[in-house]
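The values are calculated or read from the model by the stated rules, or taken from the named source; none is laboratory data. Note that the structure is a prediction, hence the values are computed from the model and not measured. Cβ sites come from the backbone with ideal geometry, for glycine too, and all protein chains shown count toward neighbours. Surface accessibility is based on the protein's heavy atoms, side chains included, excluding ligands, DNA and RNA. Shrake-Rupley method; radii C 1.70, N 1.55, O 1.52, S 1.80 Å.
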Amino acid sequence: MTKLNRRTLMKIGGAGLVLPVLAGRAFAQSEPLKIGFMNVGPKDDNGWTFGHYTGMLALEEHFGDQIETTFVESVPEGPDSERVLRELAQQGNKLIFATSFGFGDYVLKVAQEYPDVIFEHATGYQRADNVGTYNARFHEGRAVLGTIAGHMSQTGKIGYIGSFPIPEVNMGINAFTLAAQKINPDIQVQVVWLSTWNDPAKEADAARALIDQGCDILVQHTDGPAALQVAEERGIIGGFGQGADMSAFAPNTHLTAIIDVWGPHYIETVQEVMDGTWVAEDSWPGLAEGEVVIGPYNEKVPEDVVAAAEAVENGIIDGSIHPFTGPIVDNMGTERVAAGETVDDAGLWAMDWYVQGVTA
Amino acid sequence: MSTDLLISIIITVVGASTPILIAALGELVAEKSGVLNLGVEGMMLTGAVIGFAVAFVTGNAWLAIAAAALAGVLVSMIFAFLTLSLSANQVATGLALTIFGTGFSALFGQGYTGRPIALFGPLFPAELATHPTWRVIFGYSALVYFSLVMVVAVWWFLKKTRAGLILRAVGENDVSAHSIGYSVIGVRYAAVAFGGAMAGIAGACFPLLLTPQWAERLTAGRGWIALALVVFAAWRPFRLLAGAYLFGLVMTLELYAKAAGGRFSILPSEFWAALPYLATILVLVLISLRGRQSNAPACLGKPFLPSN
């Protein structure tokens, strides 16, 4: 027999009070999923961050009212990014995309404090229960660009403007150089490191320095079109768009571009989060999945060169070509990959060496 | 090193130094009147975006420069009103001005990304600059010659004119200047406006001279270098010229050394990247070794509150 006293009455009353709250929470789940994006550059950089912004627009188009997005721009890769991440989490964002390599340590730190928030770190390698990583195989696109450069360079000297010597950039340099040397074994690639992703005046000056020293093709792994504009002004053979089609900046010099298409990955991730099937893993699609796309070719690229570039592109897509197939010797003379072998993903992520012909 | 390469390096150095020099000259005059305006970067960004927009719409670089100067004056007047009329803290207000300029330029520039413009061409006819050696002298856009003329003009104004003397008096001893009948606030308004105009023009150098596009934060911290240069140059225009070119030289040499690869590989690229900072420390040590008092205007950064 249940004793009905004040205490048990309060329990029943308490349950009655809790019920509407629970119902309220269940109701809240049909409210829009709040999604935050934290970016290293401005969305108007015409390149990297613009690519993520376009991806977010695709997300909004696909999910409409089901999601609510916040896009934070120009967050420096340092302690400030930790503050921005925490703010995004406190504002109720349940899924946060951090789109630059240097955010990694801060993502991990803040993710520990907010275990119910899911973090996705672009180009990163550190994961946790609520931290996934994603990237695109840009180096596959770089192999296509290298094929074009190998055919078209007359001086055999190619200038490469790099941001930071991190694996993502290093594998691009190496994939480009290996592909170019398949066409012309004498190709030399000169790298200039800028220690920044976005400083257009410095990028332009680096392009001037490289052209003044005989480079007739420029490649950049920074976020904007400044180097291409200098290439156009000086009238060298060519350059390439990075992250987005940049032909508007260099109509005569923009040979083609590596275009990042993040939309499908973002849509897939958000769907997984909504369905509760998301798990922390690494996603690394490339040309085959359409996350990396080669842009339209400039009309000055000869037909046979376009054909050669497309052959490499198709070979990578069907798996018959691996951008890193041995024998590969590094620029200190050490053999890194034996004949017939390829570099696996772990090897790519640890790449801190440059192939023969690269000066970095 | 071939002559052609040397000439190319000189031309790149001149381009890199010019905006820093113009912005620093403006700040020098403002500081000489006793006003510390830390908003140079914000004023430069405002000038850069307005200059780009006008160049994009009209295609006229001269109009773009005029508009950039005007925009710089307008935002500097916000600063002047707060710090001079309302006696707000100059350091805090200057920092706020930089944040404002960064945000405003990003907002205003939204419609202008992805749209290239033409560079501002050389001032002199191309026939004068056919030979490489003549290119070093006649091959630049008007902004470069403007910056050099302004070095002399600022020096002449501060040293040789009565108005310059009054401006310096206001910066050295505002109470005395006030007591003999000069308008301290009026002089400072004028000096801040000049600083704003020069910062605006310096900002316009980025799309017109260096990289003909608009991108957010296009000036990438050059305004802070200009601020540091004023101290570095001990508030002297010709030393400022030397300092700006030293900075431009070091920044450019870093890139050329890296681009040259093999020949410079005895020195690691990190050394070249650190060189601007090493040069700064070296010069500061040399200045202090000479044992002279800092040449800073005595009233720099202090609000003027006339006791009627």
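An oblate overall shape is assigned to the stretch B:3-222, the ratio a/c of its alpha-carbon gyration tensor axes (a ≥ b ≥ c) being 1.5 or greater and a/b not exceeding b/c. Shielding by partners for peptide A:242-249, expressed as the average number of C-beta atoms from other protein chains within 10 Å of each residue's C-beta, is 2.
To the nearest 10, the accessible area of A:Cys215 is 10 Å² with a 1.4 Å probe.
Computed from point charges on the beta carbon alone (+1 for Lys and Arg, -1 for Asp and Glu), the dipole magnitude for chain A about its Cα centre is near 1440 Debye. Please report the antiparallel percentage of the DSSP beta bridges confined to the protein assembly as shown, to the nearest 5. Percentage antiparallel, nearest 5: 20. Spacing of the modelled spin labels on A:Glu60 and B:Ser176, each 7 Å from Cα toward Cβ, amounts to 6.1 nm. Taking the alpha-carbon centroid of each part, what is the distance from the stretch A:71-143 to the stretch A:251-280 in angstrom? Taking the Cα centre of each part, the stretch A:71-143 and the stretch A:251-280 sit 15 Å apart. Length gained on full extension, A:Asp330 to A:Asp105, computed as 0.36 nm times the residue gap minus the Cα-Cα distance: 78.0 nm. Gain on full extension, evaluated as 0.36 nm per residue between A:Ser195 and A:Ser320 minus their Cα-Cα distance, stands at 41.4 nm. By the gyration tensor of its Cα atoms, with a ≥ b ≥ c the square roots of the eigenvalues, what is the shape of the protein assembly as shown: rounded for a/c under 1.5, prolate for a/b over b/c, or oblate? The shape class here is oblate. The distance linking the stretch B:71-105 with the stretch B:119-136 is 39 Å (Cα centroid to Cα centroid, whole angstrom). Listed by number, the DSSP H helices of chain B that run 27 Å or longer by alpha-carbon position along their axis and have mean Kyte hydropathy of at least 0.0 are B:3-32, B:61-80, B:184-205, B:237-260, B:269-289.
Taking B:Thr219, B:Thr58, B:Thr83 in turn, the Gaussian network model of chain B (Cα-Cα springs below 10 Å) assigns the largest fluctuation to B:Thr58. Seen from B:Val151, the other residues with C-beta closer than 13 Å to its C-beta sum to a net charge of +3, counting Lys and Arg as +1 and Asp and Glu as -1. Non-local lysine pairs in chain A, meaning eight or more places apart or on different chains, with alpha-carbon distances under 19 Å, amount to 4. With both labels modelled 7 Å from their Cα along Cα-to-Cβ, the A:Asp304 to A:Asp186 distance reads 1.8 nm. Largest to smallest in accessible area, the residues A:Glu299, A:Glu31, A:Glu60 fall in the order A:Glu299, A:Glu31, A:Glu60 (1.4 Å probe, all protein chains included).
Fully extending the segment from B:Phe271 to B:Asn89, taken as 0.36 nm per residue of separation minus the present Cα-Cα distance, adds 61.6 nm.
Helices that extend 30 Å or more along their long axis by alpha-carbon positions and average at least 0.0 on the Kyte-Doolittle scale are, among the DSSP H runs of chain A, A:6-28.
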